[in-house]
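Engineer: Once you've had a glance at the structure underneath, I'll fire off some questions.
The values are calculated or read from the model by the stated rules, or taken from the named source; none is laboratory data. Since the model is a prediction, treat every value here as computed from it, not as a measurement. Here the Cβ positions follow ideal geometry from the backbone for every residue, glycine too, while neighbour counts run over all protein chains shown.
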Amino acid sequence: MIVKQIWTANAYRNFNYLIACSETGDALAIDPLDHEKCLRAAKEEGWTITQILNTHEHHDHTGGNDAMVKHTGATILAHRNAGSRIPDVARGLGAGDVVKVGRTVELEVLDTPGHTMCHVCLLSHADQPALFCGDTLFNAGAGNCHNGGHPVELYKTFSGQLARLPASTRVYPGHDYIENNLRFTLDREPDNGNAGAMLEQLAGQDPSSAYVSTLEVERKVNTFFRLTSPTVIAKLREAFPDLPSSPIPARCS
Ligand SMILES: [Zn+2]
């Protein structure tokens, strides 16, 4: 499996991706908003884009579909419930489905609600696993729930799915927010030395050759994996004094 991360340099700081089969040159484009950059990259590599995968329905992820289909005839894949929000979906995806690219690439579909209720991530089970996580998981952060999402569902996705994936899994998110998100981590958890060191190292990085983290790293610097940290809990109590004393409220009879 060959992965090409494409920095759009737009105001939303989107990353697009091409995933290619090394034998056939077939490629899958993930959220190809900047269709021109994606097409140029595929041409340079000699790849043929045959499929488009939208992680979710937000326009900064689907806005390149029409032009991409026009240029390549690629088919569109998305969450099976996204059909009313994303035009021309040819294949609706559910948890456990497999997306094949060429002869050598197989990606498992994870159904990951929270940022929106029609969000999928793709997981490669290659020697070093890789997760294409759209706006569910960012470096040192998570996608907000303000536009069609739900925080309880996002919590369940993190605790029930992402937290259980192998530590060595490489993380390929839909946006470059690492610098702001590390500042958020340090606001929530000022004594997180890993986040402090990483911010020093990565502040001002060139997103066209961005640092790629792993879930092992995320578990150290991402507040959404660190909900049992005493500092995170204490800072939450400062901000929300009415929180119950136990995370699970005592049952009243
Ligand atoms: Zn989004």
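Engineer: State all residues of the range 11-36 that are closer than 12 Å to Ser208 by Cα and surrounded by fewer than 19 Cβ atoms within 10 Å (Cβ to Cβ); if no residue qualifies, say none.
Structural biologist: Arg13 - this is the single residue of the range 11-36 that is closer than 12 Å to Ser208 by Cα and surrounded by fewer than 19 Cβ atoms within 10 Å (Cβ to Cβ).
Engineer: On to the next question. Give the residue, chosen from Gly148, Gly193, Gly174, Gly160, that is modelled with pLDDT of 95 or more and within 15 Å of the chain's Cα centre (by Cα).
Structural biologist: Gly174
Engineer: Sticking with this structure for a sec: State all residues of the range 118-157 that are part of a loop (DSSP other than H, G, I, E, B), surrounded by fewer than 19 Cβ atoms within 10 Å (Cβ to Cβ) and out of contact with any helix residue (DSSP H, G or I) (no Cβ under 7 Å at 6 or more places or on another chain); if no residue qualifies, say none.
Structural biologist: Restricting attention to the range 118-157, the residues satisfying the condition of being part of a loop (DSSP other than H, G, I, E, B) are 118-119, 125-129, 135-136, 139-140, 143-150.
Checking which are surrounded by fewer than 19 Cβ atoms within 10 Å (Cβ to Cβ) leaves us with 125-129, 144-148, 150.
Within the range 118-157, His125, Ala126, Asp127, Gln128, Pro129, Asn144, His146, Asn147, Gly148, His150 qualify.
Engineer: Search the range 71-89 for residues being away from the ligand (no atom under 16 Å from the Cβ), assigned to a loop (DSSP other than H, G, I, E, B) and at pLDDT 95 or above, and hand back the single one that is nearest to the chain's Cα centre (by Cα).
Structural biologist: Keep residues of the range 71-89 that are away from the ligand (no atom under 16 Å from the Cβ), which gives 71-77, 80, 83-84, 87-89.
Those still in the list that are assigned to a loop (DSSP other than H, G, I, E, B) too: 73-74, 80, 83-84, 87-88.
Of the ones still in play, those that are also at pLDDT 95 or above are 73-74, 80, 87-88.
Numbers: Gly73: 25, Ala74: 22, Arg80: 18, Pro87: 22, Asp88: 23 Å.
Once the filter is applied, the top-ranked residue is Arg80.
Engineer: Looking at Arg188 and the list (1) charged (D, E, K, R); (2) away from the ligand (no atom under 16 Å from the Cβ); (3) over 24 Å from Arg237 (Cβ atoms), which single condition is not satisfied?
Structural biologist: (3)
Engineer: Would you pick out the residues in the range 15-51 that are within 16 Å of the ligand (Cβ to nearest atom) and within 19 Å of Ala90 (Cα to Cα)?
Structural biologist: Ile30, Asp31, Pro32, Leu33
Engineer: Restricting to the range 53-70, and then to whatever is part of a helix (DSSP H, G or I) and of a type in the set (A, V, I, L, M), can you tell me which residue is surrounded by the most Cβ atoms within 10 Å (Cβ to Cβ)? Can you show your working first?
Structural biologist: Of all residues in the range 53-70, those part of a helix (DSSP H, G or I) come to 59-62, 65-70.
With the extra rule that they be of a type in the set (A, V, I, L, M), the set shrinks to 67-69.
Details: Ala67: 16, Met68: 23, Val69: 18.
Step by step, filter the range 53-70, then rank; the result is Met68.
Engineer: A further question follows. Mind counting the residues in the range 104-141 that are under 16 Å from Met1 (Cβ atoms) and more than 15 Å from the ligand (Cβ to nearest atom)?
Structural biologist: 16
Residues are listed down the side, and each one gets a yes or a no for (1) more than 26 Å from Asp111 (Cβ to Cβ); (2) in contact with a Lys or Arg (Cβ under 6 Å, 6 or more places away or on another chain); (3) touching a residue at least 12 places away in the same chain (Cβ under 8 Å):
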{"residue": "Ile6", "(1), (2), (3)": "no, yes, yes"}
{"residue": "Gly25", "(1), (2), (3)": "yes, no, yes"}
{"residue": "Glu57", "(1), (2), (3)": "no, yes, yes"}
{"residue": "His61", "(1), (2), (3)": "no, no, yes"}
{"residue": "Ala90", "(1), (2), (3)": "no, no, yes"}
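Engineer: Turning to a different aspect of this structure: Condition first: among the polar types (S, T, N, Q) and touching a residue at least 60 places away in the same chain (Cβ under 8 Å). Now tell me which residues in the range 8-23 satisfy that.
Structural biologist: Residues of the range 8-23 among the polar types (S, T, N, Q): 8, 10, 14, 16, 22.
Answer for the range 8-23, where residues must be among the polar types (S, T, N, Q) and touching a residue at least 60 places away in the same chain (Cβ under 8 Å): Asn14, Ser22.
Engineer: Related question: What is the one condition in (1) touching a Cys at 6+ places or on another chain (Cβ under 9 Å); (2) assigned to a loop (DSSP other than H, G, I, E, B) that Thr24 does not satisfy?
Structural biologist: Every listed condition holds for Thr24 apart from (1).
Engineer: Being aliphatic (A, V, I, L, M) and within 14 Å of the ligand (Cβ to nearest atom) is the filter here, so list the residues in the range 142-178 that pass it. Talk me through it step by step, then tell me what you get.
Structural biologist: Step one: of the range 142-178, the residues aliphatic (A, V, I, L, M) are 142, 152, 154, 162-163, 165, 167, 171, 178.
Those that are aliphatic (A, V, I, L, M) and within 14 Å of the ligand (Cβ to nearest atom): Ala142, Leu154.
Engineer: Tell me, please, whether a residue that is part of a helix (DSSP H, G or I), of a type in the set (Gly, Ala, Ser) and out of contact with any helix residue (DSSP H, G or I) (no Cβ under 6 Å at 6 or more places or on another chain) can be found in the range 34-45. Can you show your working first?
Structural biologist: Step one: list which residues in the range 34-45 are part of a helix (DSSP H, G or I), which gives 35-45.
Then keep just the ones that are of a type in the set (Gly, Ala, Ser); that gives 41-42.
After this cut, where a residue has to be out of contact with any helix residue (DSSP H, G or I) (no Cβ under 6 Å at 6 or more places or on another chain) as well, the list is 41-42.
Scanning the range 34-45, I find at least one residue that is part of a helix (DSSP H, G or I), of a type in the set (Gly, Ala, Ser) and out of contact with any helix residue (DSSP H, G or I) (no Cβ under 6 Å at 6 or more places or on another chain), so the answer is yes.
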